[in-house]
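Computed from the coordinates by the stated procedures, all read-outs in this text should not be read as laboratory data. The model shown is predicted, which means the values in this text are computed figures rather than measured ones. Positions of Cβ are generated from backbone atoms using ideal geometry, with glycine treated the same way; all protein chains shown enter the neighbour counts.
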């Protein structure tokens, strides 16, 4: 029994630390919208969490209604993946069906006088989205092995990203070559147009002057 | 008594190391894009003094078709006590890395001097490497964990570099597409203007040599 308690304390600290770990904070003025976009790859898992920081330092007091925000997560096509209406915290998790910019927008209701709502937001995608502590506990894997596994996944992800960047650079090179050849074509065409216009002018004026019996 | 307490300590240590590693394993951030209208601030908490905070940002210019090149935005980093850690003006992208002298909430702010909103893609990462003297009392602390943490930090820096390159590539692509559009548009405008100018020339000459030619020679 005492051993269980001893095991429980670090687990609680762990969960608390995980809650406190890496998340960013930003301010939202009442009545305004703020959107954060992230580029996600196809079939990549993503997990996000947001919560409003209570302006009142006394933790027992519930969050005032004026500080409840509305959040919505949209895909690049416009589908909504998560909608939290007038909530003080929430979370979302989904697998991105296609590559593109996924946007999460926060909206604070209007209030007079205007107040500032502080939101704590965390968005993890890809490797970070996986719950490594669960994987470890389920498989009874050695902790060092789990760390190395995670590092290996990171390296694989970096490798894939390099391929993606290479592809994009190839596309850009094609685009630049196409623009280059377009410029050459258009310059040549502009000389042709100029000569054509000159020829038209001369033909038309010659006919005009001959008609007027000046030539 | 000794054996039992040792075993108890061992399991507690294992749990502590486990939680320690996993805690720092979750420290990471993804590249996020925000629209900066006038001022946008983001704050990140640094948990331990001496942590390295690294990151980068790139301004992604969408509307560079008509408007001239953007003057750039201003980026500042403020420490929890109020000192300015970094202040760069008129940039379209920057990479930074500094060792946080104290723990607390660091504020990263973007200021846009122009009325047109700009999209900024940024990435901020705080990394901690557990040192030997952090766990001075723990005999079972494995120095391999320090190496693993260092390796993880190195990989994070590679990832940060990649995200920077990706954002720069997006910006570069917008520039190139805008160049192509401008080439096509300006060339077609040039043709149209040439045709109009020559048409006007012909009309003017016709008017000059109009009916009155026989009477007033020009």
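Calculate, for residue A:188 and residue B:202, the FRET efficiency according to 1/(1 + (r/R0)^6) with r their C-beta to C-beta distance and R0 25 Å; round to the nearest 0.05.
On the way: r = 25 Å, r/R0 = 1.00.
For residue A:188 and residue B:202, the calculated efficiency is 0.50.
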Determine, from the Cβ-Cβ distance of residue B:182 and residue A:116 and an R0 of 45 Å, the FRET efficiency 1/(1 + (r/R0)^6), rounded to the nearest 0.05.
0.60
With T = 20 °C, eta = 1.002 mPa s and Kirkwood Rh from C-alpha pairs, the Stokes-Einstein D of region B:75-208 in µm²/s is about 103 µm²/s
In Å, descending, principal axis extents of the Cα set of region A:39-98
43, 18, 14
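May I ask you to order A:161-172, B:98-109, B:156-167 by the average number of other C-beta atoms within 10 Å around their residues, highest value first? Write out the running numbers ahead of the final one.
On the way: A:161-172: 13.2, B:98-109: 16.2, B:156-167: 19.5.
The most tightly packed comes first, giving B:156-167, B:98-109, A:161-172.
If the chain between residue A:214 and residue A:162 were fully stretched, how many nm would it gain, using 0.36 nm times the residue separation less the Cα-Cα distance? Can you show the working numbers first?
On the way: separation 52, 0.36 × 52 = 18.72 nm, distance 7.39 nm.
Result: 11.3 nm gained on full extension.
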Taking neighbour Cβ counts within 10 Å as the exposure measure, how do A:142, A:27 sort from fewest upward?
A:142, A:27
Within 10 Å of each Cβ in B:176-185, how many Cβ atoms from other chains are there, averaged over the peptide?
3
Ellipsoid semi-axes in whole angstrom, largest first, where each is sqrt(5λ) of the Cα gyration tensor of region A:69-215
63, 29, 11
